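Heads up, the thing below is written out as structure tokens.
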């Protein structure tokens, strides 16, 4: 039986379609699509589950995609740490990665790359998300990311 991997691909400016986000500046933002779905959707769904489980009547936080150079740097740093450091994957709606990002461990295995243990950097509730990517497809994702300019 063949192992099923999650698909990963990049999109640009996937969540900055309107004038209300103009203040984020003249930067490209890297959307991460996993199995055809924006990572922001997975995060929102996970937050809603946590809020419901905690009986909290609140809206989930909003996030935006990172600038290409930032995302690339965080993923490379996580890779070099051999899974001990997490990579920030999206940032809060202010556009600053260190403010209140969502992060995950990035673990390289013999045949793939795993993203797991997702949480906000200011809150350690586990989002329950885990994705595993085939190494060749993940390497293509990283190469594409490295070649996207930060400025539009």
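No lab work stands behind these numbers, since they all come straight from the coordinates. Quantities reported herein were computed from a predicted structural model and do not represent experimental measurements. Because the Cβ atoms are built from the backbone with ideal geometry, glycine has one as well, and the counts that use them run over all protein chains shown.
In table form, for the structure just shown:
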read-out: Highest-fluctuation residue, 91, 123, 99 considered, GNM on the chain with Cα pairs under 10 Å; value: 123
read-out: Calculated over the range 75-123: convex hull of Cα atoms, volume per residue (Å³); value: 71
read-out: By average C-beta atoms within 10 angstrom, highest first, the peptides 41-53, 68-80; value: 68-80, 41-53
read-out: Length added when fully stretched, residue 79-residue 51, from 0.36 nm per residue minus Cα-Cα; value: 7.0 nm
read-out: Residue 109-residue 93 pseudo-label distance in nm [points 7 Å out on the Cα-to-Cβ vector]; value: 3.6
read-out: The chain - mean residue ellipticity at 222 nm from DSSP helices (-39,500 (n - 2.57) per run, n ≥ 4, rounded to 500); value: -9000 deg cm²/dmol
read-out: Alpha carbon centroid spacing (whole Å) that separates the range 106-152 from the range 25-54; value: 13
read-out: Reciprocal mean inverse distance between Cα atoms of the range 8-146 - Kirkwood radius, Å; value: 15.4
read-out: Relative contact order of the chain, pairs being alpha-carbon contacts under 8 Å that are 6 or more residues apart, as %; value: 24
read-out: Residue 150/residue 126 FRET efficiency (R0 35 Å; Cβ-Cβ; nearest 0.05); value: 0.65
read-out: Full-stretch length increase - residue 12, residue 59 - with 0.36 nm per residue and alpha-carbon distance subtracted; value: 14.3 nm
